[in-house]
Amino acid sequence: MRYRKKSGKSRCKIFVVFVTLAFLVILFIIEKRISPVAELQAEHIAQKNATDIIEKTVSDYLEDNRFTYSDFAAVLYDDKKKVTAIETIPYNINKVQSELGELLNRNLEKSSQKSTKIPIGSLANSHILSGKGPKIRIRVSPVGSAQIKLRNDFQSAGVNQTCHRITAIIKVKMTSSVPLYSFETCVEFEFIIAENVIVGDVPDYNPYSFIDSVN
């Protein structure tokens, strides 16, 4: 009788161990299948959220200020009307970087209070299950502050003509999280702030160079 009891307990322990291992293996397989899809879904939502916020913020800011090329740069000529230099205006460069950065970070911070929901079936990488099942919440929030730099962009605009653009390069890090997972993505945008076509040779210019701000 004792032998049988011990044998029964041993079989029970083996069964429990087997079920536990099988459960862990299934979880591992599910995790391997779901994690990449969850990352893509979360990254897509984070990028869309950042795009909407940044595009609206920049658009509203430019609409309110209506900058022109002369607000940021001055083309200097000699007596023969030949271009001798292009000088940037540090005060306005600093002003744009500071004000736009403050607006962006404020609006991005507000977005951290927002979230969206997607069906759990959309994380299964299956066309049959896509869009089905209970919905889970995805939260998106900024990581740190948005980085803003103004850049000179010189491009040929025809015979003896050069287009000088001043663009804003905006980099934002976003984190998106779903239950059990958290992902980080970096989003970069470029917007034209002002531009001007310069007639004549532009002396010693770098086609792409960042404008140094003066603090």
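Tell me which residues come under 5 Å, amide H to amide H, from Ile136 once H is placed; ignore anything under 5 positions away on its chain.
Here Ile118, Ile120 satisfy the definition.
In whole Hz, what ³J(HN,Hα) sequence does region 85-96 give by Karplus (6.51, -1.76, 1.60; θ = phi - 60°), x for Gly and Pro?
Coupling constants for region 85-96: 5, 10, 10, 8, 10, x, 4, 6, 5, 4, 4, 5 Hz.
Rank these by accessible area, largest first, 1.4 Å probe: Asp64, Asp153.
Numbers: Asp64 125, Asp153 10 Å².
Correct descending sequence by accessible area is Asp64, Asp153.
Rank Leu150, Leu76 by accessible area, highest first, at a 1.4 Å probe radius?
Details: Leu150 0, Leu76 65 Å².
So, going from the largest accessible area down, we get Leu76, Leu150.
Using modelled amide H (1.01 Å from N, peptide plane; none on Pro or chain starts), what sits under 5 Å from the amide H of Ala85, excluding residues fewer than 5 places away?
Amide H neighbours of Ala85, under 5 Å, 5+ apart: Leu76.
The values are calculated or read from the model by the stated rules, or taken from the named source; none is laboratory data. Predicted model, so just to flag it, every value in this text is computed and none were measured. The protein model used for the area step is the full one, side chains on, heavy atoms only, and it has no ligands, DNA or RNA in it. Shrake-Rupley method; radii C 1.70, N 1.55, O 1.52, S 1.80 Å.
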